1. Quick check: pseudo-label points 7 Å beyond the Cα along Cα→Cβ at Leu8 and Phe21, how many nm apart are they?
2. List the trypsin sites (Lys or Arg not before Pro) in the chain that DSSP assigns to loop (not H, G, I, E or B) and whose Cβ has at most 16 other Cβ atoms within 10 Å. Which are they?
3. Could you tell me whether the chain comes out rounded, prolate or oblate from its Cα gyration tensor? Rule is a ≥ b ≥ c as square roots of the eigenvalues, rounded for a/c under 1.5, then prolate if a/b exceeds b/c, otherwise oblate.
4. Accessible area per residue, 1.4 Å probe, Å², for segment 15-88: what's the number?
5. Rounded to the nearest 10 degrees, what's the angle between the helix 30-41 long axis and the longest principal axis of the chain, both from Cα atoms, 0 to 90?
6. I want to check the label-to-label distance for Ser48 and Asn69. Put each point 7 Å from Cα in the C-beta direction and report it in nm to one decimal.
7. When a/c is below 1.5 the answer is rounded, else prolate if a/b is larger than b/c, else oblate, so apply that to segment 45-88 with a ≥ b ≥ c taken from the square roots of the Cα gyration tensor eigenvalues.
8. When the dipole is taken about the Cα centre of the chain, and only Lys, Arg (+1) and Asp, Glu (-1) are charged at their Cβ, what size is it in debye, to the nearest 20?
Amino acid sequence: YSEIFKVLKTNGVAAMVVKPFIRNRQVIDLPYQTWLLMQKCGFQLIKSYKLRLEQQSFWRILYMQKNPNVPQIWHEWVLVCQKPLLTS
């Protein structure tokens, strides 16, 4: 994300589409982790959108069949961030 920040013009916008994933049968909040990384690079969050998935991927269906107690993930996030006018 720091390389994106370097090449963006002032007030430039970056939009990231991310969704949580499962590791060791635990949900990992990738959207939040992504935001923390972008914030550390200097981005400001303009807007975030939570979108419902219409269907699960083939791999997620297989994983759920083998691990029925694991939470299902039905959303993905769009993080819209901007390179601020003044960077410090």
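1. 2.3 nm
2. Hits after loop and neighbour filter: Lys9, Arg25.
3. It is prolate, given that a/c is not under 1.5 and a/b is the larger ratio.
4. Working: 5550 Å² over 74 residues.
It amounts to 75 Å² per residue over segment 15-88.
5. With rounding to tens, the tilt is 20 degrees.
6. In this crude spin-label approximation the distance works out to 2.9 nm.
7. Prolate is the answer for segment 45-88, as a/c is 1.5 or above and a/b outweighs b/c.
8. 60 debye
The values are calculated or read from the model by the stated rules, or taken from the named source; none is laboratory data. All values derive from a computational prediction rather than experimental measurement. Glycine also receives a Cβ, built like all others from the backbone with ideal geometry; neighbour counts cover every protein chain displayed. Side chains included, ligands, DNA and RNA excluded: accessible areas come from the protein's heavy atoms. Shrake-Rupley method; radii C 1.70, N 1.55, O 1.52, S 1.80 Å.
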